[in-house]
Amino acid sequence: MTDVVNRVCAECGQSFVVTAAEQQFLEDLAAASGEAWTLPRRCLECRVRRRRVRYGDPVIDDDCVESLTCIDCNEPFVFGGRDKAYFAQQGFDRPKRCRPCRRARAAAPAREQHQ
């Protein structure tokens, strides 16, 4: 697996980057479902738009999706949509870590987290 892969969106033609963390997430997701994984063909915005149409999600304004940087791995990650709604409902602030780093931190023994 390479660190960063540059792609061109099949829908809008814009270039986008697939980070190592995203690649690992996709590989883990595919392994859990028993399917082969592939790199995304569409940029994040087009994937979100496509999911909204497919699942009938209400359209959320474009300012809803934010790009944040993880404080552990320094990789950019996306925070928006359902994640934002969940964090707001729980009374949480925006996340400081990407999902893979949050999962790794949750799986680490408690004494390692405080070092």
Residue count, segment 21-42, condition of a type in the set (A, V, I, L, M, F, W, C) and under 14 Å from PHE77 (Cβ atoms), comes to 3
How many residues does segment 1-11 contain that are touching a Lys or Arg at 6+ places or on another chain (Cβ under 8 Å) and surrounded by 12 or more Cβ atoms within 10 Å (Cβ to Cβ)?
-> 3
Residue that is farthest from CYS98 (Cα to Cα), among those in segment 7-43 that are modelled with pLDDT under 90 and of a type in the set (Phe, Trp, Tyr) | TRP37
Mind checking which helices (runs of 4 or more DSSP H) fall wholly inside segment 1-109 and carry at least 1 residues that are of a type in the set (Asp, Glu)?
-> 20-33, 44-55, 81-90
Under 6 Å by Cβ, and 6 or more places apart or on different chains, what pairs join a residue from segment 22-51 that is in contact (Cβ under 8 Å) with a residue 24 or more places away in the chain with one that is part of a loop (DSSP other than H, G, I, E, B) and surrounded by 12 or more Cβ atoms within 10 Å (Cβ to Cβ)?
-> GLU27/TRP37; ARG42/CYS9; ARG42/GLU11; CYS43/CYS9; CYS43/GLN14; CYS46/CYS9; CYS46/GLU11; CYS46/CYS12
Given (1) touching a strand residue (DSSP E or B) at 6+ places or on another chain (Cβ under 8 Å); (2) surrounded by fewer than 12 Cβ atoms within 10 Å (Cβ to Cβ), number of the condition GLN23 does not satisfy | (2)
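The values are calculated or read from the model by the stated rules, or taken from the named source; none is laboratory data. Small disclaimer: the values here were computed from a predicted structure and weren't measured. Here Cβ is always computed from backbone atoms with ideal geometry, including for glycine, and neighbour counts include all displayed protein chains.
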